[in-house]
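Take a look at the structure below.
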Amino acid sequence: MAEQSESPVESIMEKISEKIHHHESSSSESDSDKKPDPSESMKAKIWRLFGREKPVHHVLGGGKPADVFLWRNKKVSAGVLGFVTAIWVLFELIEYHLLTLVCHILILSVALLFLWSNAHTFINKSPPCIPEVHLPEKLVLQVASALCVEINSAFSGLRCVAAGKDLKKFLMVIAGLWVLSIVGTWCHFLTLFYICFVLLHTVPVLYEKYEDKVDPLAEKAMFEIKKQYAVFDAKVLSKIQVASLKAKRV
């Protein structure tokens, strides 16, 4: 009798314990769901080229120029690239001159409009509507102001480098100008401009497509460059700075 009276109590206790365990397991599952995924946090903290935190479209300035460089509209991007290629072919391969090309285009346009304006009565067509073209003063002032700011910043940077205040920046400027001088001996300015334009139309879109593979390689390369620069700084630059300080004291 005692065993029969204890069995329902034990069954009730077992049910209560099962409910408690079920509640604890469900709460632990909900807590685990609330915790951030480590893979997502790793993705958020992944190293990006040039330390960027925004997409490539925002880095390129956004808007229509970025759409053209990233081939958002393939027809427009292909048209721009084709037009620049035609200009490069005319001036570099066919050796057409800019002034000659402009004069020939103006001669053809003015001749056609003049003939059309005088012959519209004989061909039973309306005269051409020649629009009045004028540059807005506000746009010209904005472009001039932007160019003035960039030129002044470039001059101030060169002045800072020439004053000997930043040895690292001085070496970077010298190396950049030296590389440009070597590239200038290989090709003309128009060819260099065309190469840069083609690179702007190919490199950003390829990087946007394969950035998860490019960024780790770039991170390794940047680490190696910093390592080599630290060695160069310890062996060469530090000695130059010490010598310049001694010379100033003397």
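Below are the figures for this structure:
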read-out: Conditions (1) closer than 30 Å to Phe232 by Cβ; (2) under 26 Å from the mean Cα position of the chain (by Cα); (3) among the small types (Gly, Ala, Ser): number failed by Gly164; value: (2)
read-out: Number of positions in region 54-73 that are open to solvent by less than 50 Å² (accessible area, probe 1.4 Å) and not in a helix (DSSP H, G or I); value: 2
read-out: Flag for Asp31 being more than 28 Å from His188 (Cβ to Cβ) and at pLDDT below 60; value: yes
read-out: Residues (open to solvent by 50 Å² or more (accessible area, probe 1.4 Å) and either among the small types (Gly, Ala, Ser) or more than 30 Å from His97 (Cβ to Cβ) (or both)) located in region 176-190; value: Trp178, Ser181
read-out: Breaking point among (1) farther than 25 Å from Phe189 by Cα; (2) modelled with pLDDT under 90; (3) not charged (D, E, K, R), for Leu108; value: (2)
read-out: Residue, farthest from Glu95 (Cα to Cα), within region 178-216, restricted to residues that are assigned to a loop (DSSP other than H, G, I, E, B) and more than 21 Å from the chain's Cα centre (by Cα); value: Cys187
read-out: Long-range neighbours under 6 Å by Cβ, at least six apart or interchain, first residue small (Gly, Ala, Ser) within region 56-74, second open to solvent by less than 50 Å² (accessible area, probe 1.4 Å); value: Ala66/His57
read-out: Close pairs from region 87-99: first touching a residue at least 40 places away in the same chain (Cβ under 8 Å), partner open to solvent by 60 Å² or more (accessible area, probe 1.4 Å) and of a type in the set (A, V, I, L, M), Cβ under 9 Å, at least 6 apart; value: Phe91/Leu98
read-out: Meets criteria (of a type outside the set (Gly, Ala, Ser), assigned to a loop (DSSP other than H, G, I, E, B) and farther than 30 Å from Ser238 by Cα) for Asn152; value: no
read-out: Some residue of region 42-53 being farther than 19 Å from Lys213 by Cβ and either in a helix (DSSP H, G or I) or modelled with pLDDT of 75 or more (or both); value: no
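To keep it simple, each residue is scored yes or no on (1) surrounded by 10 or more Cβ atoms within 10 Å (Cβ to Cβ); (2) touching an Asp or Glu at 6+ places or on another chain (Cβ under 8 Å).
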{"residue": "Lys75", "(1), (2)": "no, no"}
{"residue": "Thr85", "(1), (2)": "yes, no"}
{"residue": "His104", "(1), (2)": "yes, no"}
{"residue": "Ser109", "(1), (2)": "yes, no"}
{"residue": "Leu115", "(1), (2)": "yes, no"}
{"residue": "Ala119", "(1), (2)": "yes, no"}
{"residue": "His134", "(1), (2)": "no, no"}
{"residue": "Asn152", "(1), (2)": "yes, no"}
{"residue": "Cys160", "(1), (2)": "yes, yes"}
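The values are calculated or read from the model by the stated rules, or taken from the named source; none is laboratory data. Note that this is a predicted model, so its numbers are computed, not measured. Neighbour counts are summed over all protein chains in view; Cβ atoms, including those assigned to glycine, are modelled from backbone coordinates with ideal geometry. Ligands, DNA and RNA are excluded from the accessible area calculation, which covers all protein heavy atoms including side chains. Shrake-Rupley method; radii C 1.70, N 1.55, O 1.52, S 1.80 Å.
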